[in-house]
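Trainee: First the structure, which I've put down as structure tokens, then a few questions once you've had a look.
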Amino acid sequence: MLGGAAEILMLWGFSVWTAVLVAVLLVCPAIMVWGAIQVLRRPTELPLEPVPETRGMSLNWAAPFYDRWCRGCGLGDAFRAETLRHAALQLGERVLDVGCGTGVLTRRAAEAVGPTGRAVGIDPAPKMIARARANAAREGARIAFRLGVIERLPFEDRSFDVVLASLMIHHLPPDVKREGLREVYRVLRPGGRLVVADFDWSRAHPVWRMLAWPLRILPMLRAHAAGRVTPYFVEAGFRPVDLVGRWRWSVSFWVARRPDESRG
Ligand SMILES: C[S@@+](CC[C@H](N)C(=O)[O-])C[C@H]1O[C@@H](n2cnc3c(N)ncnc32)[C@H](O)[C@@H]1O
């Protein structure tokens, strides 16, 4: 391409060296722009399953910067460790992370349950799941990440000891919250536990409470701004439902159990 451009310039009466110089100046930027377009157009490695529909707010667009964003908001490693402290995972347990995003918590959960346990993450965002798979592969973690939604969990009844729902319940409109929590109840074994970390501005400092007040107009966030998250767990059948801790100004932790009727 370079030679061709130089020849054309020489036909127009440029000297050899001027023609080469001008050709380089013209052709190099063109190659760089072409290369950049190819890189940007390179398809992301997407999972093969069909993308599930949901009325929850999928965060597909945020996948490339999601982990950095969380760390910047004070929801980094220490927050993940605190979530797992409340989960109190044991070796050999089967754990499901619903709305797992990039799988940052799922990977830690997989370490906690060890090789005799099982860790699974689901999310409706293909780019989140692609990242979660790539991150797990890089760390050599044995985790099944798949596309899925909380309101239609692709698992058998009573197939998990623990379900984690970290920062995802506020992505669901009220009726999807209800459907999703009924599904979580179904896939938990009796005596199993749901561990939730989510926004709960009703317990925040009065200034934050005031700032969060307008969020009540958004159906997904209404319960989180009004301090009415716990009733969703109770309505789905969980008992007891314990508010077990807080993280900074905005997040609460809940542990909700599926009752074990066989224990009377
Ligand atoms: C704020 S991110 C939380 C990700 C991760 N759990 C964490 O703690 O960082 C919320 C996630 O919920 C997912 N989500 C949205 N609707 C969902 C649904 N119906 N079922 C499961 N996950 C859903 C989003 O795609 C997003 O990845």
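The values are calculated or read from the model by the stated rules, or taken from the named source; none is laboratory data. All values derive from a computational prediction rather than experimental measurement. Here the Cβ positions follow ideal geometry from the backbone for every residue, glycine too, while neighbour counts run over all protein chains shown.
Trainee: Only one residue in Arg142, Arg107, Arg133 is farther than 26 Å from Ala236 by Cα and out of contact with any Pro (no Cβ under 8 Å at 6 or more places or on another chain). Which one?
Mentor: Only one candidate qualifies: Arg107.
Trainee: Which one of Gly101, Gly117, Gly74 is within 13 Å of the ligand (Cβ to nearest atom) and surrounded by fewer than 23 Cβ atoms within 10 Å (Cβ to Cβ)?
Mentor: Gly74
Trainee: Out of everything in region 166-178 that is crowded, with 24+ Cβ neighbours inside 10 Å and not in a helix (DSSP H, G or I), what residue ends up being farthest from the ligand (Cβ to nearest atom)?
Mentor: Residue satisfying both the conditions and the ranking: Leu172.
Trainee: Which one of these does Asn135 not meet: (1) more than 30 Å from Leu218 (Cα to Cα); (2) near the ligand (Cβ under 10 Å from one of its atoms); (3) of a type in the set (S, T, N, Q)?
Mentor: (2)
Trainee: Oh, and also: Across region 179-215, which residue is farthest from Ser159 (Cα to Cα) among those that are in a helix (DSSP H, G or I) and among the β-branched types (Val, Ile, Thr)?
Mentor: Once the filter is applied, the top-ranked residue is Val207.
Trainee: Give me the strands (runs of 3 or more DSSP E) completely within region 43-156, filtered to those with at least 1 residues that are at pLDDT 95 or above, closer than 26 Å to Arg178 by Cβ and of a type in the set (Gly, Ala, Ser), ordered by residue number.
Mentor: 118-123
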